[in-house]
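First comes the structure, then the notes that go with it.
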Amino acid sequence: MTKTVHHWIGGKTVEGESGDWGPVTDPATGAVTTRVALASVEEVDRAVAAARTAFQTWGTSSLAQRTSILFRFRALLDANRDAIAELITAEHGKVHSDALGEVARGLEIVDLACGITTQLKGELSTQVSNRVDVAAIRQPVGVVVGITPFNFPAMVPMWMFPLAIACGNTFVLKPSEKDPSASLKIAELLAEAGLPDGVFNVVQGDKVAVDRLLEHPDVAAVSFVGSTPIARHIHTTASANGKRVQALGGAKNHMLVLPDADLDAAADAAVSAAYGSAGERCMAISAVVAVGAVGGELVDKIRERAEKIKIGPGDDPASEMGPLITRAHRDKVASYVHGAAEQGADVVLDGTGYTVDGYEDGHWIGLSLLDKVSTDSDAYRDEIFGPVLCVLRADTYEEGLALINASPFGNGTAIFTRDGGAARRFQLEVQAGMVGVNVPIPVPVGYHSFGGWKDSLFGDLHVYGNDGVQFYTRGKVVTTRWPDPSEPHGGVDLGFPRNH
C-alpha cells in the first residue's frame, strides 16, 4: 500500500487538501512507495499563520524554557537515529551509514542550540556620558522559513531550525518533495519534547509553496540550500519582498594535489569525497587538479580504489554507495559522462551502464572517472551532482590555483601537500569559503559557520555557527539615562545624601 505524507501545522498532522500529490520513489527499486501532498497557497498561509500566532508567546519565552525543550529534543533525536536514517535510505537511497552520519552532523547544531544562552549575551557600556549607559541586545526576527534540498533531508533542516527556534523565532520548513518523511519524524520528536504548537511547522510542496513563502508578508527571513539558479531566484525574490535571505547555491569543489603529496592519502580522499553519498552533496570533490608529473600515478590509484566500491541498496550493510534519487537525475548524470569523451576527456571509468541484480529498475549508476578534462567542457563547468570525478592537469601551483579561482563557484576546496608554506599560501589565496588542508571535505563543525563564496552563496551570512545566530536575530541598542537618586525630584524621597 502506498504511504501518504501530509503537512505538520500547529503541532499536528494536517491532511493535504489541494488535491495535488507528488510521487516518492524507492531509488533502489524505482517503485513509487509514497505520495506526498503538495500545498496550495491557502495551506501555506495556514502554516505561516500558525507560526505567527505561536511567535507572540515563543518570541518572549525564557531562554531556560527554550533550551530545556531543545535538550529533550536532542535526547529523542539521539534515541531515534536509526529510525530517521531508515526513512532517509528508503526515500533518498543513500546507504544506512551515510544516513546515520547525516543525523550525527545535524545533532552538532542541536548541541549548539542547547547552549544558545552564551551566544545571545548582549553587551553593556556604562558611563559613556554622565549617568548614561548603552546596551546592545539581540532579539528574534519572527517567522522564518527553511527551504531544503533532497540530498540531506534531515541534516540541512537541522542546520536551520534548532538555532532559529533557540533564538526565539518560529519556523516553517518546506522540505524536498522527493524525500519528505524525515521532516515529519523530526516534527513529531519536537512535539514529544514539549515544543509549543505552531513553533515548528512543515509544509510539503513544490514551486507553488516556495513562491508563496517568498512573498508572504508575515515571513521575516528565508534560509535556502540548493542549486545556484534557484538560490539566485530565492535571494532575488525574497529580498525584493523585504526579507533577509541566506541562499546557499551549487558547487564545483576542487582538490589541488601538489607533487610532494602523499598520493595514497590523496587517492583515498578523492574517492571518498567524490563518490560518497553517490556524489549527491554540495561539498563533494568533483574536480581534482594534479600538479606536475603526478597526474598519471594519481589517476591510477583513484581508479584502483574506485573499482572496489560496492554499489547496492542502501539497506544492505555491504553497500558502500546507493542509487541516485530519481531516474531523471540518473540519466542527466550519465549524459555528462557520455559527452565528456566527445569533448576530449579520457574516460578512465564509465559507470553509466551499471545495474544491480534483482534491482534492475533502480536508479543505478556506477563510478565514473574522467581524466585530462578541459575547463570548457560541460562535465567541468556544470555541477553534475553524481559520482563523476574530473581530473585536470596543471604544470605549477600557480596554474592550478588560477584554474580554481577562475571557477564561478567558490563553495569548498582542498589542497594535499606536505609543504606547510604552500598550504598556507593556498588557504589565503584560494577564492572559496571553506578550505581543507589534507582534508577533502572541509565542512565546518557546528560552532563555525558553513558557506561559500561567489555563485555558491547569495546573501551576507553563512549558515549555522555565529553567522546563523546573527541571521536569526536582529540587533537593538538601548541608551539609558537615570537621574541620580540624590537629585531633587518630584517623587518619593529615598533619603540618599546629597553631598557627594
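The values are calculated or read from the model by the stated rules, or taken from the named source; none is laboratory data. A quick note: this is a predicted structure, and the numbers were derived from the prediction, not measured. Virtual Cβ from ideal backbone geometry, glycine too; neighbours counted across all protein chains shown. Areas reflect the complete protein model, heavy atoms only, side chains present, ligands, DNA and RNA absent. Shrake-Rupley method; radii C 1.70, N 1.55, O 1.52, S 1.80 Å.
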Treating only Lys and Arg (+1) and Asp and Glu (-1) as charged, each at its beta carbon, one finds that the chain has a dipole about its Cα centre, in Debye to the nearest 20, of 1680
Amide H proximity to residue 453 below 5 Å, modelled H, separation 5+ or other chain, gives 410, 411, 433
Given unit charges at Cβ for Lys, Arg (+) and Asp, Glu (-), the dipole magnitude of region 171-322 about its Cα centre in debye, nearest 20, is 600
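First measure r as the distance between the Cβ atoms of residue 127 and residue 239, then evaluate 1/(1 + (r/R0)^6) with R0 = 35 Å and state the FRET efficiency to the nearest 0.05.
With R0 = 35 Å, the Cβ-Cβ based efficiency is 0.30.
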Given unit charges at Cβ for Lys, Arg (+) and Asp, Glu (-), the dipole magnitude of region 195-277 about its Cα centre in debye, nearest 20, is 480
Per residue, accessible area of region 66-136 with a 1.4 Å probe, heavy atoms of protein chains only, in Å², comes to 44
Over region 267-330, with neighbouring protein chains present, the accessible area per residue in Å² at probe 1.4 Å is 34
Between residue 264 and residue 218, the FRET efficiency computed from the C-beta separation at R0 = 56 Å comes out, to the nearest 0.05, as 0.50
Among 278, 61, 396, the residue whose Cα sits farthest towards the positive end of the charge dipole of the chain, when +1 is placed on the Cβ of each Lys and Arg and -1 on the Cβ of each Asp and Glu, is 61
Any DSSP H helix in the chain with Cα axial reach of 20 Å or more and mean Kyte-Doolittle score of at least -0.5? Listed by number, the hits are 41-58, 63-79, 96-114
The extension gain from residue 300 to residue 206, computed as 0.36 nm times the residue separation minus the Cα-Cα distance, is 29.5 nm
When the charge dipole of the chain is computed with +1 at the Cβ of Lys and Arg and -1 at the Cβ of Asp and Glu, the Cα pointing farthest to the positive end, of 24, 468, 154, is that of 468
Cβ-Cβ cut-off under 10 Å around residue 301, Lys and Arg +1, Asp and Glu -1: the net charge is -3
Share of accessible surface on carbon and sulfur in the chain, whole %, 1.4 Å probe and ligands ignored, is 51
Between the residues 136, 95, 109, the Cα farthest towards the positive end of the dipole of region 31-137, that dipole coming from +1 and -1 charges on the beta-carbon of Lys, Arg, Asp and Glu, is from 136
Under the 7 Å Cα-to-Cβ spin-label approximation, residue 78 and residue 429 lie apart by a distance in nanometres of 4.5
For residue 454, counting only lysines whose alpha-carbon sits under 16 Å away and dropping same-chain residues fewer than eight positions off, the answer is 252
Here the gain from full extension of residue 382 to residue 117, 0.36 nm per residue of separation minus their alpha-carbon distance, amounts to 91.2 nm
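Take every DSSP beta bridge with both residues inside the chain and express the antiparallel ones as a percent of the total, to the nearest 5.
Numbers: 30 of 73 bridges.
Of those bridges, close to 40 percent are antiparallel.
Can you compute the FRET efficiency between residue 406 and residue 482 using 1/(1 + (r/R0)^6), with r the Cβ-Cβ distance and R0 = 60 Å? Round to the nearest 0.05.
Working from the Cβ atoms, E equals 0.50.
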dims of the chain, Cα set, principal axes, largest to smallest, nearest Å -> 90, 61, 40
Once both label points are put 7 Å beyond Cα along the C-beta direction, the residue 67-residue 45 separation in nm becomes 4.0
Note to self: C-alpha centroids of region 204-282 and region 108-162 sit apart, in Å, by 22
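Could you give the length gained on full extension between residue 346 and residue 460, defined as 0.36 nm per residue of separation minus the Cα-Cα distance, in nm?
Stretched fully, the residue 346-residue 460 segment lengthens by 37.1 nm.
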Note on region 1-134: alpha-carbon gyration tensor, axes a ≥ b ≥ c; rule is a/c under 1.5 for rounded, else prolate if a/b larger than b/c, else oblate; result oblate
If amide H atoms are modeled at 1.01 Å from N in the peptide plane, then the residues at a separation of 5 or more from residue 146, or on another chain, having amide H under 5 Å from its own are 172, 173, 174, 223
